[in-house]
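Shown next, in structure tokens, is the structure this report addresses.
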Amino acid sequence: MKKNQRPKTARLYSLLNELNIKSWDVLLVGDGSGSGWDIGIGWSCIIIDKHTKARKLIHGGGSTGTVNIAELMAYVHAMLWYSSHIGKEVRKNYPKKFIDVHVITDSRVVANQGNKVAERKLDGLANRALWASISDIARQGYKFHWHWVERLTSELNWAADQMAGSARKAVKNCVLTEDVPDEDGKYRGVSIYDINPLVNK
């Protein structure tokens, strides 16, 4: 399938059936875009809340990072938003021990590491600081389930993929040089080395 071609199958309920997800409270379908520390990254996540029927698209980007950081940021960012907004209402009105969050990702690395983290095995994980964020969110009353799907095989994954790529490109287009110009462009740019020099001249 071509990168920009929209899948014709695997809508929400067929995706749930394919992954054998029978009980869920929240679905996160996300993606990350990037390739190495020398270029920008972007991420995107679609949040679907079963109880409130709410939908939310979260996206963001960074000036540098790896694709695995971008893939994981999609879910950290989404859950930080969800736990501060819809999650509060859900925990209040649908009291249960855990809110079941099913994460659907096309990254085998994220799915495999996520299942390891769900078993509380953080040792040796790459990007452990981001996984620690997921673990901290879990302690607020969320139980994470991680599922891998092949890239661009569902409309939700396709949409997340498109937005992650757009976020990465948007960050790339606003990369700052070491010369920071005045907001109105009236004055000469000032070097970041002049703003905070390493040594006194």
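Charged neighbours of Arg139, selected by a Cβ distance under 14 Å, balance to +3 (K, R count +1; D, E count -1).
If you filter the stretch 22-90 for chymotrypsin sites (Phe, Trp or Tyr not before Pro), then keep DSSP loop positions with at most 12 other Cβ within 10 Å, what is left?
Trp37
At most 16 other Cβ atoms within 10 Å and a DSSP loop assignment: could you name the trypsin sites (Lys or Arg not before Pro) in the stretch 110-143 that fit?
Arg120, Lys121, Arg139
Database remark: amide H of Lys143 closer than 5 angstrom to the amide H of Ile99, Asp100, Val101 (H placed geometrically; neighbours at sequence offset of 5 or more, or on other chains; Pro and chain starts carry no H).
Please list Asp184, Asp49 from largest to smallest accessible area, probe radius 1.4 Å, with all protein chains kept in place.
Solvent-accessible surface, decreasing: Asp184, Asp49.
Residue ranking by accessible heavy-atom surface, 1.4 Å probe, largest first, among Lys97, Lys169 comes out as Lys97, Lys169. Please go through the residue pairs Lys22/Lys169; Lys50/Lys116; Lys121/Lys169; Lys143/Lys172 and name each one whose alpha carbons sit more than 32 Å apart in this structure. Long pairs (Cα-Cα over 32 Å): Lys22/Lys169; Lys121/Lys169; Lys143/Lys172.
The values are calculated or read from the model by the stated rules, or taken from the named source; none is laboratory data. This one's a predicted model, so the numbers in the text were calculated from it and none came from an experiment. FYI the Cβ positions are ideal-geometry reconstructions off the backbone, even for glycines, and counts take in every protein chain you see. For the accessible areas, the whole protein counts, side chains as well, though only heavy atoms, and no ligand, DNA or RNA atoms are used. Shrake-Rupley method; radii C 1.70, N 1.55, O 1.52, S 1.80 Å.
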